[in-house]
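Accompanying notes for the structure given below.
The values are calculated or read from the model by the stated rules, or taken from the named source; none is laboratory data. Computed from a predicted structure; not experimentally measured. Don't worry about glycine lacking a Cβ; one is built from the backbone with ideal geometry, like all the others, and counts go over all protein chains shown.
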């Protein structure tokens, strides 16, 4: 399930909008339908997910620039996502 948010099990109404699942030890609402957005722990976890994703993209970019044998197959949706991520990582 792309864009799903998991805290060991899927959280019913939680969606990240990402093209991959996000699994973390989130504090959840009663009924496990969503994460508790007011919890400081969850705020920290979400910030760390963003940092991790940015670092992963930078590593992929480094691997791609250093080796012509590495390639990432792109479809139209992933190409749009990739260009958005690259624009976020571009030096100002």
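Could you go through the stretch 65-76 and let me know if any residue there is exposed (fewer than 11 other Cβ atoms within 10 Å of the Cβ), closer than 29 Å to residue 11 by Cβ and at pLDDT 60 or above.
The answer is no; no qualifying residue exists.
If I go through the stretch 32-64 residue by residue, how many of them are assigned to a loop (DSSP other than H, G, I, E, B) and at pLDDT below 85?
The total comes to 3.
Out of everything in the stretch 7-18 that is assigned to a strand (DSSP E or B) and at pLDDT below 80, what residue ends up being farthest from residue 30 (Cα to Cα)?
Filtering first and then ranking leaves 15.
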